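**Student:** First, the structure itself, so that you have it in front of you.
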Amino acid sequence: MRAAVWALVLAALAPAALLGASAYEAAQLEARGVVVEVVADAAAYLAVAANGDHAYDCLVAEQDGRLVITIGALTGCADPGAGTGINAGDGSDAAKWSRYAFHDLLVATNKGTTTALLWVNATTDANAAGALLDTAKEASAGTMTDADYAATSATPLTLAVGESAFVGLRAISGTLTAGNFVEGTLTIVSRAG
């Protein structure tokens, strides 16, 4: 008798399991509203801001909520100088081009809800005549070295929720002469890790 009861229970559950496994073949739902708020770089899920502890945070400005880096006149710096840019190299040899590194210039902070991977990269405009912009990233301030600029785009940093990384920028003069400038784009990429 007990086996017959169990057989009836199993027989009753089998169609319910089949219905649960394929409850519908297709569904069409009415339109749902979507609102995506656009905020300034410093307030985003991946927040990017000038490093306020950096001597040259005045090279970073916000325009329409986006950060812009201008390595030029040092007006507005805590310790103002009279320099207005980087030296030209002699143009004959890559080893003789000038190189300026601005370590820890930006801070990128994971303000999302999960661990994130972070890459940084820079591209230089095509008319740069051998000039180059490149980037570095480190988990701790004050630890960036020139060697970090060569390998920055290959391996990501892992940022836990609330954790920050520091981004540096290096400018190389190439064969440009005085009066010219290096232009490019800094790209910061992050995805859930």
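Just so it is clear, none of the values below were taken in a lab; they were calculated from the coordinates. Nothing here was measured: the structure is a model prediction, and the numbers come from that model. Neighbour counts are summed over all protein chains in view; Cβ atoms, including those assigned to glycine, are modelled from backbone coordinates with ideal geometry.
**Student:** Could you list the residues of the range 37-60 with an amide nitrogen less than 15 Å from a label point located 7 Å from the Cα of Thr75 in the Cα-to-C-beta direction?
**Tutor:** The answer is 58-60, whose backbone nitrogens lie closer than 15 Å to the label point.
**Student:** Relative contact order for the range 60-170: what is it in percent, counting Cα pairs under 8 Å that are at least 6 residues apart?
**Tutor:** Relative contact order here is 28 percent.
**Student:** Starting from 0.36 nm per residue, how many nanometres of slack lie between Ala43 and Asp125 once their C-alpha separation is accounted for?
**Tutor:** Details: separation 82, 0.36 × 82 = 29.52 nm, distance 2.87 nm.
Full-extension gain reported as 26.6 nm.
**Student:** Starting from the 7 Å offset along Cα-to-Cβ, what nm value, one decimal, do you get for the label separation of Val36 and Thr114?
**Tutor:** It works out to 1.7 nm between the two label points.
**Student:** Applying 1/(1 + (r/R0)^6) with R0 = 45 Å to the Cβ-Cβ distance of Glu25 and Val189, what FRET efficiency is obtained, to the nearest 0.05?
**Tutor:** 0.70
**Student:** Here's a follow-up. Return the Rg/Rh value of the range 41-192, two decimal places, where both radii are evaluated on C-alpha atoms and Rh is the Kirkwood radius.
**Tutor:** Dividing the radius of gyration by the Kirkwood radius yields 0.98.
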